[in-house]
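For reference, the structure discussed in these notes is given below.
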Amino acid sequence: MGILGSKFQSPSQGLEDIAEGTSTNRKHGCECKKRKRNVPCDCESEQEEDDGLLDTPRRKKLKSTSRYIYQTLFLNGENSDIRICALGQEWNLHKVYLCQSGYFSSMFSGSWKESNMMEINLEIPDQNIDTEALQVVFGSLYRDDVLIKPSRVVSILAAACMLQLVSMMEKPSQSVNAVLLGISLTVGSYLQDGLIQQCGETMKENISTKTACGYYACASIYGLDSVMKKCLEWLLNNLMTHQNVELMKELSAEVMELLIQSSDLFVMQVEMDVYTALKKWMFLQLNTLWDGPIKQLLADADAWLCKRRTDLCEKEPFLDTEDGLPFRSVFKHVRLQYIINDLASARILERDNILPPDWLTSVYKSQWFAMLRTEFDNDNGPHEANKDEFERSSMRCGRKLTKDGDYCWRWTGFNFGFDLLVTYTNRFIVFKRNTLSQPCGGAVSLQPRRHLAYRLRLASFDSRGKLVCSRSTGYQLLTLEKDQEYVVMNLDSRLLSFPLYVCCNFLYTSPHSDQRPDSSEQESAALVS
């Protein structure tokens with residue numbers, strides 16, 4: 001404030017003169033105002049000159065208080081009043097800084113035996129915590145910025161979470177270590193400080209093939225729900241679009257089950273490819289030493305299954321064996337109704353003998369009745385929005401567009417006479433119900449109108465699998481007449497990035513009803529026959 005005020009006062013002017021001068025100026029203003037207008041005012045020119053000097057930048061490097069505190073108190077340990085020992089290392093620290101941590105705040109404020117001790121031996125039950133992580137976490141209490149390397153974020157997060165645990169008050173004679181360390185390290189319900197949040201942001205920004213599974217497991221342990229969600233989103237997008245051997249080896253059955261049951265899974269190309277991906281994953285889980293290219297993986301998985309059936313003379317399905325039981329819950333979420341609709345895929349299911357027969361029998365029965373309803377009961381598709389049914393049982397399929405151009409395709413399998421052609425041209429995506437205009441290898445419905453529920457998503461990714469751009473139509477209901485076309489999406493060329501991945505979900509039939517016909521209906525049906 002002294003420098004700011006100096007531009008208004010002379011160095012020799014006293015306090016009384018300053019006050020008097022201020023009062024005089026308020027009454028009469030500048031003396032130069034009494035002069036002729038053509039004579040320049042010296043006061044104004046001097047003020048402009050001073051303002052110019054104030055606007056001129058001056059560089060002066062100041063010693064940061066935070067840096068001084070970190071160097072003097074933390075690194076040098078000057079005026080330390082507490083010594084912390086852990087994992088064979090010692091830190092000379094200060095209670096006033098340690099009390100920023102909920103762990104130490106409880107330790108020093110209660111009637112614990114450690115409250116008046118000059119040296120504290122910390123027990124570290126978490127294997128993720130090492131001395132380097134403790135160094136970073138202790139140091140963060142003495143500074144306002146911390147550099148977290150993605151390769152070190154798990155251990156730093158573990159240490160930060162341990163020190164943020166809030167003690168549950170037990171008997172005062174107990175050791176606070178025994179109480180605090182007895183609490184679960186799952187700290188989602190506890191208050192998190194800036195360091196924990198920074199660890200979470202670091203993890204979310206660095207999800208990749210190498211980190212996705214490890215980060216998810218870590219976030220699950222330490223209660224970072226937003227990180228878990230981000231990892232699952234990344235895996236849903238990349239599991240099938242960018243298949244990777246190491247990633248499949250790391251995926252646990254719990255995480256794989258979450259992915260396979262989700263309608264948000266980016267499937268390439270059809271549901272049969274979901275089954276194939278699971279078969280490769282299961283093979284890697286049981287043959288952890290396998291090392292080869294991704295292109296060889298399916299052939300080796302099929303050969304292993306075949307050899308197992310031959311050598312062990314196994315007639316029972318693999319999922320019913322002791323080795324297969326851990327994978328039952330995952331395969332249960334494969335949408336088999338869209339696999340048995342294709343003859344070649346159905347034959348592979350029979351050959352592999354992975355799935356229990358009753359699984360397939362129930363699906364065959366369900367699809368047979370769906371076909372009969374379409375043919376004889378005029379089921380021409382879903383008329384009303386049923387998002388729950390859509391999320392639970394919609395057909396999942398996808399396509400990769402390597403570069404900009406013209407594309408037209410259909411997904412294989414019997415779709416109840418609804419021959420849907422998908423076209424990408426001039427940055428438009430178009431659905432066409434093909435009836436008579438294009439040849440089709442299967443039966444085609446001639447009903448005047450057919451309905452379907454759909455959701456179409458587009459995405460492109462960078463080299464680490466991170467979304468570069470994405471678009472979605474959301475859940476939609478569509479009615480198409482014979483050979484009618486419908487523009488599903490008009491793409492902005494500025495948002496396009498190739499390769500472009502197209503993922504679609506479809507429902508071609510109405511939700512299945514479990515109601516059985518009553519006796520009168522059965523009699524009338526018998527009379528008609």
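The values are calculated or read from the model by the stated rules, or taken from the named source; none is laboratory data. On a predicted model such as this, the values are computed, not experimentally measured, just so you know. Cβ coordinates were reconstructed from backbone atoms using ideal geometry, including for glycine residues, and neighbour counts include every protein chain displayed. Surface accessibility is based on the protein's heavy atoms, side chains included, excluding ligands, DNA and RNA. Shrake-Rupley method; radii C 1.70, N 1.55, O 1.52, S 1.80 Å.
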**Request:** Please go through the stretch 436-469 and pick out each residue that is in a loop (DSSP other than H, G, I, E, B) and under 17 Å from Gln484 (Cβ atoms).
**Result:** Leu436, Ser437, Gln438, Cys440, Val444, Ser445, Leu446, Gln447, Pro448
**Prompt:** Out of (1) within 21 Å of Ala344 (Cβ to Cβ); (2) touching a residue at least 24 places away in the same chain (Cβ under 8 Å); (3) open to solvent by 50 Å² or more (accessible area, probe 1.4 Å), the odd one out for Leu298 is which?
**Reply:** (2)
**Complete:** Taking the stretch 295-329 and keeping residues closer than 23 Å to Glu254 by Cα, in a helix (DSSP H, G or I) and either outside the structural domain of Ile354 (by the TED database) or among the β-branched types (Val, Ile, Thr) (or both) leaves none
**Fill in**
Flagged in the stretch 401-415 as touching a residue at least 40 places away in the same chain (Cβ under 8 Å) and either out of contact with any Pro (no Cβ under 7 Å at 6 or more places or on another chain) or open to solvent by 90 Å² or more (accessible area, probe 1.4 Å) (or both), in numbering order, are Lys403, Asp404, Trp411, Thr412, Gly413, Phe414, Asn415
**Request:** Among residues belonging to the stretch 319-373 that are open to solvent by less than 80 Å² (accessible area, probe 1.4 Å) and of a type in the set (Lys, Arg), point out the one that is nearest to Leu265 (Cα to Cα).
**Result:** Arg335
**Message:** Among the residues that make up the stretch 109-119, is at least one of them closer than 15 Å to Leu141 by Cβ and either among the β-branched types (Val, Ile, Thr) or open to solvent by 20 Å² or more (accessible area, probe 1.4 Å) (or both)?
**Reply:** no
**Fill in**
Restricting attention to the stretch 93-108, the residues that are open to solvent by less than 30 Å² (accessible area, probe 1.4 Å) and either among the polar types (S, T, N, Q) or part of a loop (DSSP other than H, G, I, E, B) (or both) number exactly 3
**Request:** Kindly check whether there is at least one residue in the stretch 64-86 that is under 18 Å from Tyr222 (Cβ atoms), open to solvent by less than 20 Å² (accessible area, probe 1.4 Å) and not charged (D, E, K, R).
**Result:** no
**Message:** The conditions are (1) at pLDDT 95 or above; (2) open to solvent by 40 Å² or more (accessible area, probe 1.4 Å), and Thr310 fails exactly one of them. Which is it?
**Reply:** (1)
**Asked** Among (1) touching a residue at least 60 places away in the same chain (Cβ under 8 Å); (2) closer than 24 Å to Thr374 by Cα; (3) crowded, with 16+ Cβ neighbours inside 10 Å, where does Leu480 come up short?
**Response** (1)
**Request:** Can you work out which of the residues in the stretch 402-412 that are assigned to a loop (DSSP other than H, G, I, E, B) and under 32 Å from the mean Cα position of the chain (by Cα) is nearest to Lys432 (Cα to Cα)?
**Result:** Arg410
**Of all residues making up the stretch 374-393, the number that are more than 14 Å from Phe416 (Cα to Cα) and open to solvent by less than 70 Å² (accessible area, probe 1.4 Å)** = 4
**Request:** Name every residue in the stretch 394-417 that is modelled with pLDDT of 95 or more and closer than 17 Å to Leu477 by Cβ, in order of residue number.
**Result:** Ser394, Met395
**Near pairs, Cβ below 9 angstrom, 6+ apart or cross-chain, from the stretch 75-89 (in the same structural domain as Cys99 (by the TED database) and at positive phi) to any residue that is open to solvent by 60 Å² or more (accessible area, probe 1.4 Å) and at pLDDT 95 or above** = Gly77/Arg83; Gly77/Asn92
**Prompt:** Does the stretch 227-245 hold any residues that are closer than 18 Å to Val468 by Cβ, open to solvent by 50 Å² or more (accessible area, probe 1.4 Å) and either among the hydrophobic types (A, V, I, L, M, F, W, C) or over 8 Å from the mean Cα position of the chain (by Cα) (or both), and which are they?
**Reply:** His242
**Members of the stretch 345-374 that are touching a residue at least 24 places away in the same chain (Cβ under 8 Å) and over 16 Å from Phe331 (Cβ atoms)** = Tyr364, Ser366, Gln367, Phe369, Ala370, Met371, Arg373, Thr374
